Amino acid sequence: MSAGDACMVAFQSDVGDSGAVCVRGGGTRWEVGGGPDGAREVSAPVGIVALDPAEMTVMVGAGTALSDLAGELVIHGLEVGMKGPSGATVGGVLMVGRSAMRRRRVGTIADVLLQADCVGADGVAFTAGGPTVKNVTGYDLCRLLVGSLGTLALVGRVILRTRPVPARSLWLVGEAEPERVLDATYRPSCVLWDGVRTSVLLEGHGEDVDETAGRLALLGLTATEPPVLPPGRGRWTGRLPSGGVLEVGSGVVHQADDGGPPTVPDGVRRLAGRMRASFDPSGRLNPGRDPYRVAA
Amino acid sequence: MRRMSGRTRDPLLSALISALDAQRVQTGDGARRLYSRDASVIRGGRVGVVCFPETTEEVSACVVAALAHGRDFVARGAGTGLAGGAVPCDEPVMVVLTRMDRILEVDVSRRLAWVEPGVVNLDLSRHLSGTGLHFAPDPSSQQSCTIGGNVANNSGGPHCLLYGVTSAHVLAVEVVLPDGEVVVLGEEEGDSVGYDLRGAFVGGEGTLGIATRICVRLTEDPPDVATLLLDFMSVGAAAETVSAIIAAGMIPAALEMMDQRVVEAVEPFVNAGYPTDAAAVLIVELDGQPSGVADEIRQIKELARVHGARSVRVAAEEGERERIWKGRKSAFGAIAVIKPDYYLNDTVIPRTKLAEVVQRIYEIVEEQDLIVMNVFHAGDGNLHPLLLFDAREAGVMERVLAAGEEIVRVSVAAGGVLSGEHGIGLEKKRFMSLQFSPADLEAQQRLRSAFDPVGRANPAKVLPTGASCGHVTSLGRLPDGAWV
């Protein structure tokens, strides 16, 4: 299935206007927020529809594997600020809504989505956002969709912002306080802290990366392989759990098991409830999932 | 028994006065007139009553009072909006937030600050001087506009090309919802818990509630900055250079274009050394670490040469850099010498279409026998055609509006959008159906209804619903310090 207009029509038809339904992507984070309670599974269109390097945007079917998209983009020296497990789809990663570890450089995942072609709970197709890199026309539905676990609308096709791939990337690690590492660097792409050691990802012009690495060597940091992080996630509460690694500035702790979901104030829950009911009054989209039942 | 005055007999006024105090609830003609306008060309209705709350609780009380007495409410910052977003329609309660102007907390190590909505944009960056941090969104009105207004409009500015518009710099926001309830949306750190309601709220143009405290992301000052001035003998060559720079994998901090008419008007005021015989100039700002900046200067010089630039000037020192920017940011003080009135538009197009759309704008304006000045954020395709005219000329208004509408149509037809940073407000809601289908608009209404089920928060704005208000009967005279 390619992601052209005909496939979007087919996707709309698959979603239909009645019965519990969900989109299955790569299934790599299928249990996030709870399973979809036996909802009928449909697939989103697959394939790159339009890639214009001079425009720095790409239109792609939500069912496309993120690795396939990345493989095509890198040929043009481009990337998208998204990361997912092996096999994850573009739509799945957007719906789970976790920002990439390199968010300090590439921005949050919400900054990536420019336009989304969706099918609503009533079976009607609609478009959120717009195709340009700058746009304040109407309400920002795209941001609302990112991280919504498919509970507001089902996304079939998207336009994403692309970015140039950095010329050089270098991980360093050493026993230094993360604050000192931050003070010695300019906009590092990622800073990790395991309670003893700080790892930092430097990206950019080769000479700038080398110059910064030289400064960090004085703090005892040396080049290393990209870190392998524990599989679970929790939210930073000011204390690092045993074996945990803090993604400094992101609020995320990589740890052995997922932490519990954070407490959500009643007023926010009520607003979220109104939002879900407004988009899906009959509760047919991903009925068992709750975006508030997610650790981080 | 003493008779109650007219002021206190009105139950809405009584409620507002008891929540605030008599001095901060104004109903005089002067206040009602003053707060009936913003910096746009739109005239709407009249303000019912003007309130000046100083706390979140007082904002909530204003909202609750308006609701209890069947009135709409409209939030307002400095009134620098250009789309009529803060223009009143049906005698609403106007909630003016300029007294809530405290910087509450700056956390340098975590690179964030909590501010009240009435803090002026530039005042925050001035306050941060010496910390190595700044607030990145820099609308040209930044010496007047408030951060609350920036949140409402998801404001941009020249440096948003690299750093992103306001939404990318708002981590969390305390909001008085349209039913008076106070919630905090977003997190100081990390992705949103559940729905990104913060992201949905930013850019809501006052229709989703009122921001009362805002947690903003602070951006590190770059270690190196270079400002380049490129001049061209044709707008097309300048536009092609813009596309070439982006296609080469560079994202400058800013990439601005000014056409000859702007340059001619501005140069006598700022003496920046702009070439007044050039058809267009580009201001390119590069920032980051020194080797990367030096390499990009080299690449841009080469691209400029290939695309026919007459010269590339790299500002040698800070004073020269400031003069180049002063011409860009204060361009509009110089306009009044050409014509007394103006109408400023704001659309976005794919940046690869810059040359053809800008050419089409010149044709549209010529067809309507008007004058246009183009000074805009070329790097992200955000056009700001400024139509100049003399409102005393009979029939000129119709020609101005016709040209404005055609520019919007051409932009959308080129694959663009209605607004890049000014918002929809009253000005552009009639064009929403050019860009969006009925189903698209209904989805947007679903978002709005979740925040405001009863429709009292700044109604008649953004979506082209049945309610109408606002008309362009007399386009504005150029105010002091107008901006784009």
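Examine the stretch B:206-226 for a residue that is among the β-branched types (Val, Ile, Thr) and under 29 Å from B:GLU296 (Cα atoms), and state whether such a residue exists. Give the steps one after another, and end with the answer.
If we filter the stretch B:206-226 for residues that are among the β-branched types (Val, Ile, Thr), which is where we start, we get B:207, B:210, B:212, B:214, B:216, B:219, B:225.
If we keep only those that are under 29 Å from B:GLU296 (Cα atoms) too, we end up with B:219, B:225.
Scanning the stretch B:206-226 turns up at least one residue that is among the β-branched types (Val, Ile, Thr) and under 29 Å from B:GLU296 (Cα atoms).
Might you check whether a residue that is out of contact with any Gly (no Cβ under 9 Å at 6 or more places or on another chain), open to solvent by 10 Å² or more (accessible area, probe 1.4 Å) and over 21 Å from B:GLY156 (Cα atoms) occurs anywhere in the stretch A:108-125? Yes, that holds for at least one residue. Consider the stretch A:201-215 and keep the residues that are within 7 Å of chain B (Cβ to nearest Cβ) and within 29 Å of the chain's Cα centre (by Cα). The one that is surrounded by the most Cβ atoms within 10 Å (Cβ to Cβ) is A:ASP208.
For the criterion of being buried (at least 23 other Cβ atoms within 10 Å of the Cβ) and either at pLDDT 95 or above or facing chain B (nearest Cβ under 7 Å) (or both), A:PRO291 passes. Mind checking which residues of the stretch B:58-74 are closer than 12 Å to B:LEU16 by Cα and without any contact (Cβ under 8 Å) to a residue 40 or more places away in the chain? Of everything in the stretch B:58-74, just one residue is closer than 12 Å to B:LEU16 by Cα and without any contact (Cβ under 8 Å) to a residue 40 or more places away in the chain, namely B:GLU58. The condition of being within 10 Å of chain B (Cβ to nearest Cβ) and farther than 30 Å from A:LEU246 by Cα holds for only one of A:VAL49, A:VAL96, A:VAL124, A:VAL60, that being A:VAL124.
The set of residues from the stretch B:207-231 being in contact with a Lys or Arg (Cβ under 7 Å, 6 or more places away or on another chain) and either modelled with pLDDT under 95 or not aliphatic (A, V, I, L, M) (or both) comprises B:THR207, B:ARG217, B:GLU220, B:THR227, B:ASP231. For the stretch B:369-391, the criterion of being aromatic (Phe, Trp, Tyr) and closer than 30 Å to B:GLY249 by Cα is met by at least one residue.
May I ask you to verify whether A:LEU144 is modelled with pLDDT of 95 or more, facing chain B (nearest Cβ under 8 Å), open to solvent by less than 20 Å² (accessible area, probe 1.4 Å) and not in a loop (DSSP other than H, G, I, E, B)? Criteria met by A:LEU144.
Only one entry of B:GLU256, B:GLU264 meets the criterion of being open to solvent by less than 30 Å² (accessible area, probe 1.4 Å) and of a type in the set (D, E, K, R), and that entry is B:GLU256.
Looking for whichever is touching a helix residue (DSSP H, G or I) at 6+ places or on another chain (Cβ under 7 Å), over 16 Å from B:VAL358 (Cα atoms) and within 14 Å of another protein chain (Cβ to nearest Cβ) here; the options are B:ALA272, B:ALA254. Which one fits? Break it down into steps so the answer makes sense when it comes.
Working: B:ALA272 fails: within 14 Å of another protein chain (Cβ to nearest Cβ).
None of the others qualify; the one that does is B:ALA254.
The set of residues in the stretch A:241-261 being facing chain B (nearest Cβ under 9 Å) and open to solvent by less than 30 Å² (accessible area, probe 1.4 Å) consists of A:GLU247, A:SER250, A:GLY251, A:VAL252. Determine, yes or no, whether B:ARG392 is more than 23 Å from the chain's Cα centre (by Cα), of a type outside the set (Val, Ile, Thr), open to solvent by 40 Å² or more (accessible area, probe 1.4 Å) and outside the structural domain of B:TYR274 (by TED's automatic domain parsing). Yes.
All of (1) more than 14 Å from B:ARG261 (Cα to Cα); (2) open to solvent by 20 Å² or more (accessible area, probe 1.4 Å); (3) in contact (Cβ under 8 Å) with a residue 40 or more places away in the chain hold for B:ASP341 with one exception: (2). Determine whether the stretch A:70-80 contains at least one residue that is buried (at least 21 other Cβ atoms within 10 Å of the Cβ), in contact (Cβ under 8 Å) with a residue 40 or more places away in the chain and either assigned to a helix (DSSP H, G or I) or more than 11 Å from chain B (Cβ to nearest Cβ) (or both). Yes; the residues of the stretch A:70-80 include at least one that is buried (at least 21 other Cβ atoms within 10 Å of the Cβ), in contact (Cβ under 8 Å) with a residue 40 or more places away in the chain and either assigned to a helix (DSSP H, G or I) or more than 11 Å from chain B (Cβ to nearest Cβ) (or both). Looking across A:GLY156, A:GLY150, one residue alone is under 30 Å from A:GLY288 (Cα atoms), assigned to a strand (DSSP E or B) and more than 9 Å from chain B (Cβ to nearest Cβ). It is A:GLY156. In the set B:LEU401, B:LEU434, only one residue is more than 14 Å from every other protein chain (Cβ to nearest Cβ) and either open to solvent by 10 Å² or more (accessible area, probe 1.4 Å) or outside any helix (DSSP H, G or I) (or both); that residue is B:LEU401. Of all residues in the stretch B:10-26, count the ones that are surrounded by 15 or more Cβ atoms within 10 Å (Cβ to Cβ) and either closer than 30 Å to B:TYR343 by Cα or at pLDDT 95 or above (or both). Of the residues in that region, 11 qualify. Hey, any hits in the stretch A:218-232 for a residue that's at pLDDT 95 or above, open to solvent by 20 Å² or more (accessible area, probe 1.4 Å) and within 18 Å of B:PRO222 (Cβ to Cβ)? No, that holds for no residue.
From the residues in the stretch A:243-295 that are assigned to a strand (DSSP E or B) and of a type in the set (Val, Ile, Thr), which one is nearest to A:VAL93 (Cα to Cα)? If we take residues in the stretch A:243-295 being assigned to a strand (DSSP E or B) and of a type in the set (Val, Ile, Thr), then A:VAL252 is nearest to A:VAL93 (Cα to Cα).
Just one of the listed residues (B:ARG2, B:ARG7) is modelled with pLDDT under 90 and not in a loop (DSSP other than H, G, I, E, B), and it is B:ARG7.
The values are calculated or read from the model by the stated rules, or taken from the named source; none is laboratory data. Owing to the predicted nature of the structure, the values given are computational and were not obtained by experimental measurement. Note that each Cβ is placed from the backbone with ideal geometry, even for glycine, and that neighbours are counted across all protein chains shown. Quick note on the areas: whole protein, heavy atoms, side chains included, nothing else; ligands and nucleic acids left out. Shrake-Rupley method; radii C 1.70, N 1.55, O 1.52, S 1.80 Å.
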